[in-house]
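What follows is one structure encoded as structure tokens, with my remarks underneath.
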Amino acid sequence: MESSLPSVTIAQRSPLPLTGVGMRKRAAFYTQLARQLDAGIGVVRSLRTLAGQGGSRRLAHAAAAMADHVEAGNRLSAAFAQHPNVFPPNEVRMIEGLEHAGREPEAMLRIARLLDRLALARARVIAGMIYPAVMLWAAFCLLPLVLAYVFGGPEAATRALLGQLRALAIGVGAWLALGMLFRSIPRHSALRVATHAAALVVPLLGKLFRRLALTRFADTFQALYVAGVTAPEAMSRAALACGNDFIGSRILRVAPLVADGALVSAALARSGVIPTLDLNLIEVGEQGGKLDAALAKFAQYEQEDLEIGIERLARILPTAAILLMVTILGAMVLAQWGAHFGAIERIMGR
């Protein structure tokens with residue numbers, strides 16, 4: 001996903017797990033920094049203030065290093081780009097885009113609002129999954145141990161427990177290895193584009209990933225265009241900030257068409273990644289000379305669609321987990337009873 005736009009170089013993030021910062025903490029950091037900048041406090045002083053507040057140690061260290069970076073004559077977006085484990089690249093790209101219009105606080109407040117919504121939605125999903133998770137644990141872990149003890153005695157239960165611990169270790173190790181492998185893929189590489197394309201077709205989650213990327217794209221595009229950035233550049237920078245390399249690469253390919261005189265809606269239609277409803281909104285706005293208002297509706301619609309998708313996921317996942325639990329529980333009980341009666345028949349047959 002190449003771009004000829006002047007942009008900061010984002011450092012390669014560490015592939016190690018658990019090196020990031022939670023969404024709520026990042027949202028609070030962005031909000032506090034934006035408020036200080038809006039109040040007229042200098043960037044360096046604001047960052048040093050945040051570094052001395054305590055709280056997240058990673059954020060404090062990053063803020064102190066960013067203050068030194070800006071004090072040395074670098075841009076704020078370049079300072080953010082030095083800490084990819086703390087500040088994801090898509091957030092840095094949005095800050096960079098609005099930085100060219102002198103509206104960094106607005107970018108940070110937009111990011112903070114989206115992070116707050118995502119954190120709240122994730123909390124709802126987790127809350128809805130607590131009961132199914134407990135039931136799945138009972139079906140996968142507790143029940144097999146009880147059945148092993150009843151039909152095989154303490155030694156069989158011990159063997160079952162060791163088997164479960166071994167399977168858990170293998171599963172956690174495989175999950176961490178896959179996560180580290182994915183995080184080590186270079187940004188904008190063909191492999192990463194293919195991985196992001198595959199993520200869009202994952203059952204249940206694929207549509208949510210697409211909505212999240214389009215929400216970021218729409219919000220950034222609208223903010224940049226209203227700030228006075230030309231439509232081709234706003235579209236390209238928003239593509240870099242969408243967080244999905246597949247969707248971003250498709251939009252970057254058609255952005256030059258707008259510079260050559262094509263309508264924004266026509267160019268986005270050529271990308272093949274924007275829903276028809278959104279294209280119609282943008283087309284009507286362009287024809288009426290109100291592209292800024294159309295982009296605002298585009299951003300609002302994508303945000304609402306994302307929230308609806310998360311609400312649906314919060315309802316579907318617990319139900320799916322319970323159905324899975326009932327299916328597995330029934331299969332396990334039938335298997336255990338089948339083995340038990342099979343043993344009885346063999347004994348009686350003798």
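The values are calculated or read from the model by the stated rules, or taken from the named source; none is laboratory data. What you see is a predicted model, and the numbers here were worked out from it, not measured in a lab. Here the Cβ positions follow ideal geometry from the backbone for every residue, glycine too, while neighbour counts run over all protein chains shown.
Could we say that Leu295 is modelled with pLDDT under 85 and either surrounded by fewer than 17 Cβ atoms within 10 Å (Cβ to Cβ) or of a type outside the set (Phe, Trp, Tyr) (or both) here? No. I'd like to check something: does segment 169-183 contain any residue that is without any contact (Cβ under 8 Å) to a residue 60 or more places away in the chain and either surrounded by 15 or more Cβ atoms within 10 Å (Cβ to Cβ) or among the charged types (D, E, K, R) (or both)? No; the residues of segment 169-183 include none that is without any contact (Cβ under 8 Å) to a residue 60 or more places away in the chain and either surrounded by 15 or more Cβ atoms within 10 Å (Cβ to Cβ) or among the charged types (D, E, K, R) (or both). Within segment 24-31, does at least one residue satisfy the condition of being surrounded by fewer than 21 Cβ atoms within 10 Å (Cβ to Cβ), under 16 Å from the mean Cα position of the chain (by Cα) and either in a helix (DSSP H, G or I) or at pLDDT below 90 (or both)? Checking segment 24-31: at least one residue is surrounded by fewer than 21 Cβ atoms within 10 Å (Cβ to Cβ), under 16 Å from the mean Cα position of the chain (by Cα) and either in a helix (DSSP H, G or I) or at pLDDT below 90 (or both). One residue stands out among those in segment 231-275 that are in a loop (DSSP other than H, G, I, E, B) and either in contact (Cβ under 8 Å) with a residue 12 or more places away in the chain or not assigned by the TED database to the domain that holds Phe209 (or both): the one that is surrounded by the fewest Cβ atoms within 10 Å (Cβ to Cβ), which is Gly272. Annotation note: of Arg93, Arg58, Arg110, Arg122, the sole residue that is in contact (Cβ under 8 Å) with a residue 12 or more places away in the chain, touching an Asp or Glu at 6+ places or on another chain (Cβ under 9 Å), assigned to a helix (DSSP H, G or I) and among the charged types (D, E, K, R) is Arg110. Just one of the listed residues (His196, His188) is outside any helix (DSSP H, G or I), in contact with a helix residue (DSSP H, G or I) (Cβ under 7 Å, 6 or more places away or on another chain) and either acidic (Asp, Glu) or in contact (Cβ under 8 Å) with a residue 40 or more places away in the chain (or both), namely His188. The one condition from (1) closer than 30 Å to Ser7 by Cβ; (2) in a helix (DSSP H, G or I); (3) touching a residue at least 60 places away in the same chain (Cβ under 8 Å); (4) not acidic (Asp, Glu) that Phe209 does not meet is (3). All conditions in (1) within 30 Å of Ala299 (Cα to Cα); (2) surrounded by fewer than 18 Cβ atoms within 10 Å (Cβ to Cβ); (3) at pLDDT 85 or above; (4) not charged (D, E, K, R) hold for Val44, with the sole exception of (1).
Restricting segment 96-107 to residues that are hydrophobic (A, V, I, L, M, F, W, C) and part of a helix (DSSP H, G or I) leaves a set whose member that is nearest to the chain's Cα centre (by Cα) is Ala107. Residues in segment 160-186 that are basic (Lys, Arg) and under 15 Å from the mean Cα position of the chain (by Cα): Arg183 alone.
Examine segment 78-89 for a residue that is in contact (Cβ under 8 Å) with a residue 40 or more places away in the chain, touching a Pro at 6+ places or on another chain (Cβ under 7 Å) and surrounded by 14 or more Cβ atoms within 10 Å (Cβ to Cβ), and state whether such a residue exists. Within segment 78-89 (the criterion being in contact (Cβ under 8 Å) with a residue 40 or more places away in the chain, touching a Pro at 6+ places or on another chain (Cβ under 7 Å) and surrounded by 14 or more Cβ atoms within 10 Å (Cβ to Cβ)), the answer is no, since none of the residues qualifies.
Residues to consider are Leu120, Leu191; find the one that is surrounded by fewer than 16 Cβ atoms within 10 Å (Cβ to Cβ), over 24 Å from Val21 (Cα atoms) and modelled with pLDDT of 80 or more.
On the way: Leu120 fails: over 24 Å from Val21 (Cα atoms).
Being surrounded by fewer than 16 Cβ atoms within 10 Å (Cβ to Cβ), over 24 Å from Val21 (Cα atoms) and modelled with pLDDT of 80 or more holds for just one of Leu120, Leu191, which is Leu191.
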